[in-house]
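The values are calculated or read from the model by the stated rules, or taken from the named source; none is laboratory data. Being a predicted model, the structure only gives us computed values, none of them experimental. Reconstructed Cβ throughout: ideal geometry from the backbone, glycine too, with neighbour counts over all protein chains shown. With ligands, DNA and RNA removed, areas are computed over all heavy atoms of the protein, side chains included. Shrake-Rupley method; radii C 1.70, N 1.55, O 1.52, S 1.80 Å.
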Amino acid sequence: MAEPESAARRPASEQAAGHGELIIPDGGFWPAPQVPQPNIYPMEWRVETEKLAAIYQKSKVMAWNPADLPWDGLRAEDFSTEQRLGIMYWFSVLANFDASGPAVFARATIHAFEQHEEDPVRKCFFSITRDEMNHEECCQRSIAALWPGGPLDWTPSTDLERAAHNNIGWLYHNGGRYWSGYNKAVGKYSLAVLFTSFMMGEMAASTLFRGMASGTTHPVFSEMFHKIGRDESRHLQICMTILENEWPGLTDDVKATITRQLRAGFIFLSMILWEPPDGFWDLPPYFLPNHRVLMSHARQAGLGVLSYQEQAENWKTAIAKIRVIVQRWGIEFPAIPELDIEGVDVSADINPEDIIPVF
Ligand SMILES: [Fe+2]
Ligand SMILES: [Fe+2]
């Protein structure tokens, strides 16, 4: 057997020619340096929650392609200008949520790798990222078909168009504020806190698309909303499975943070589920009246936007489900007087940095 030293001294060309010989250093192998954490290395594929692994496999089988929706059936000439504008406006509002999904979950995926969450958690995050990219594509394609240049890259020429363009600008200004907050939240909060917000977003999304799927009169939107709704239900299932692992043994501190996050989620998501609550969204005073006019055009176009009252009922039902779930784990629910829901008053403790935007 050759001495390790002489093997090490052999020229590289000679070593490459054959298999060479194994080198066992005197005194044993040198331990590799510990990888400073957080870091995605060292690699491993730990599985603790089989149910999550199964959901991930199912997500691949259920995959669909937005490009395959019957887009030829979505024709600008079938709508009035106001209706086309209304639909574009609604998808621009939706995009504040659904089109942030890919970036939100891509970041969460990287975070899960860095925290060495078990493999199925990382894979499920990835699958949500994939799905949200499809949902974003639906916003993109719907807008491109009906209002080229939308959401913002077009020149309005009537008062209604100027109102829509301006409202969308204000909406994305707020989206930008929440994105800044989210970037900080990802590193700051535990999985339990992040996932309670995600869960609320998915509950909202599955509720929204179920309502829209039953309300729309257009075949393209019907197929789109059914498919998105099914994805959102799977996202909700992922969140619930993760939370069942995370919720037991929460400290009172974390529970209080979750209560605040639930109120923050209501504030954030109400923009698309219902109407934005007062005093938090940074909007000009004319935003809401104009928003209502634009939404009514989308509604008349057969998009499936529920009435104000139906939206309130729907949102209230979804929130009631969330309330039952979190209270089971001893987490107090925040007061949501806007929907006559009683609970802890946390309204004074919420700022933009608290909001974890999700959908
Ligand atoms: Fe989505
Ligand atoms: Fe989702």
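May I ask you to list the residues in the stretch 179-217 that are within 16 Å of ligand 2 (Cβ to nearest atom) and among the hydroxyl-bearing types (Ser, Thr, Tyr)?
Tyr182, Thr196, Ser197, Ser206, Thr207, listed by residue number.
Scanning for something within 16 Å of ligand 2 (Cβ to nearest atom) and in contact (Cβ under 8 Å) with a residue 12 or more places away in the chain, does the stretch 258-265 turn up at least one residue?
Among the residues of the stretch 258-265, at least one is within 16 Å of ligand 2 (Cβ to nearest atom) and in contact (Cβ under 8 Å) with a residue 12 or more places away in the chain, which makes the answer yes.
All but one of (1) at pLDDT below 95; (2) buried (at least 21 other Cβ atoms within 10 Å of the Cβ) hold for Asn351; which doesn't?
Just one mismatch for Asn351, condition (2).
Residues in the stretch 226-246: is at least one over 21 Å from Phe125 (Cα atoms), within 16 Å of ligand 2 (Cβ to nearest atom) and open to solvent by 10 Å² or more (accessible area, probe 1.4 Å)?
yes
Based on this model, can you work out whether Ser206 counts as surrounded by fewer than 24 Cβ atoms within 10 Å (Cβ to Cβ), modelled with pLDDT under 95 and touching a Ser or Thr at 6+ places or on another chain (Cβ under 7 Å)?
yes
Just checking, how many residues over the stretch 59-72 are surrounded by 13 or more Cβ atoms within 10 Å (Cβ to Cβ) and either in a helix (DSSP H, G or I) or polar (S, T, N, Q) (or both)?
3
Which one of these does Met133 not meet: (1) within 16 Å of ligand 2 (Cβ to nearest atom); (2) open to solvent by less than 30 Å² (accessible area, probe 1.4 Å)?
(2)
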